[in-house]
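The values are calculated or read from the model by the stated rules, or taken from the named source; none is laboratory data. It should be emphasised that the depicted structure is a prediction, and the values quoted were computed from it without experimental measurement. Neighbour counts are summed over all protein chains in view; Cβ atoms, including those assigned to glycine, are modelled from backbone coordinates with ideal geometry.
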Amino acid sequence: MDDELLRQEVLHDLHQSEVLDSSTIYVTVDQEKVVLDGTVVSDGERRVAEDIAERSPGVSEVENHLRIHQSEHPGIQVEERF
């Protein structure tokens, strides 16, 4: 499958999820390897995004670079990188 077509399919699948806010997730594809970048609000969303990408037909590998964006206090932003 063409990498751009695969990227669009993964993005579509992420946007269809009812348990995931995919508005800050960026997807790149190179030779059927999907890379997820951006931020999510929880580790659960991070895992859901990876699972969705892995289930997309044509994906051979997923690299999950999503960071968890948490705010302990209003106005203070903290990002974790895995």
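Among the residues of the range 4-31, those identified as at pLDDT below 95 and charged (D, E, K, R) are Glu18, Asp21.
To keep it simple, each residue is scored yes or no on (1) modelled with pLDDT of 95 or more; (2) under 25 Å from Glu9 (Cβ atoms); (3) loosely packed, with under 14 Cβ neighbours inside 10 Å.
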site	(1), (2), (3)
Lys33	yes, yes, no
Gly38	yes, yes, no
Ala53	yes, yes, no
Ser60	yes, yes, yes
Asn64	yes, yes, no
His69	no, no, no
Pro74	no, no, yes
Glu79	no, no, yes
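Scanning the range 22-58 for residues that are within 17 Å of Met1 (Cα to Cα) and among the acidic types (Asp, Glu) gives Asp30, Glu32, Glu54.
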